[in-house]
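Written below as structure tokens is the structure these notes are about.
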Amino acid sequence: MRLLRTALAAFFTFAGILHFVRPRPYEAIVPPPFPKKESVAISGVAEAFGAHAVLHPATRRGGRWWLIALLLAVFPANVWMALSPEKIPGAGKIPRWALWARLPLQPLAMLWVWRATRD
């Protein structure tokens with residue numbers, strides 16, 4: 001369980017940092033009417049925060065729900081990308097089937113969070 005939790009924390013920490021190192025791809029998939037820069041910054045901080053919360057027993061349960069809520073909150077961006085790739089710079093190069101195929105990854109990520117944070 002510890003390895004699964006450490007991998008989860010590393011993944012979300014890395015993803016959170018990427019929001020600041022390479023924000024443009026994230027900004028591109030923020031659906032209207034949400035503010036792009038702010039949404040990317042908030043979600044990046046939220047990912048890193050949740051990643052660190054799951055590492056500590058005292059905050060693990062809250063970190064679990066935090067990351068699951070975050071995954072739910074960003075899901076509309078993935079749906080918007082699948083529905084409107086022509087409106088997203090660079091998304092037109094990705095096959096439509098791949099945009100749709102990535103949608104089930106969100107529930108799988110939630111399952112990963114759930115399993116990795118069980119004590």
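The values are calculated or read from the model by the stated rules, or taken from the named source; none is laboratory data. Quick caveat, the model's predicted, so the values are computed rather than measured. All Cβ positions, glycine included, derive from the backbone under ideal geometry; neighbour counts span all protein chains shown. Accessible surface is based on the protein model in full, side chains and every heavy atom, while ligands, DNA and RNA are left aside. Shrake-Rupley method; radii C 1.70, N 1.55, O 1.52, S 1.80 Å.
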**OP:** Enter the Cα centre distance for the pair the stretch 1-46 and the stretch 53-119, rounded to the nearest angstrom.
**Re:** 10
Subject >> Pair GLU38, ARG22: separation of 7 Å Cα→Cβ label points (nm) >> reply: 2.7
**OP:** Apply 1/(1 + (r/R0)^6) to the Cβ-Cβ distance of ILE94 and HIS52, taking R0 = 25 Å, and write down the FRET efficiency to the nearest 0.05.
**Re:** 0.20
Original post:
What does the accessible area per residue of the chain come to in Å², with a 1.4 Å probe and no ligands, DNA or RNA counted?
Top reply: 62
Original post:
Counting only protein heavy atoms and using a 1.4 Å probe, what share of the accessible area of the stretch 25-88 belongs to carbon plus sulfur, as a whole percent?
Top reply: 75
**OP:** Multiply the residue separation of ALA7 and LYS87 by 0.36 nm, subtract the distance between their alpha-carbon atoms, and state the gained length in nm to one decimal.
**Re:** 25.4 nm
Original post:
How big is the chain in terms of Cα radius of gyration and Dmax, in angstroms?
Top reply: 14.7, 45
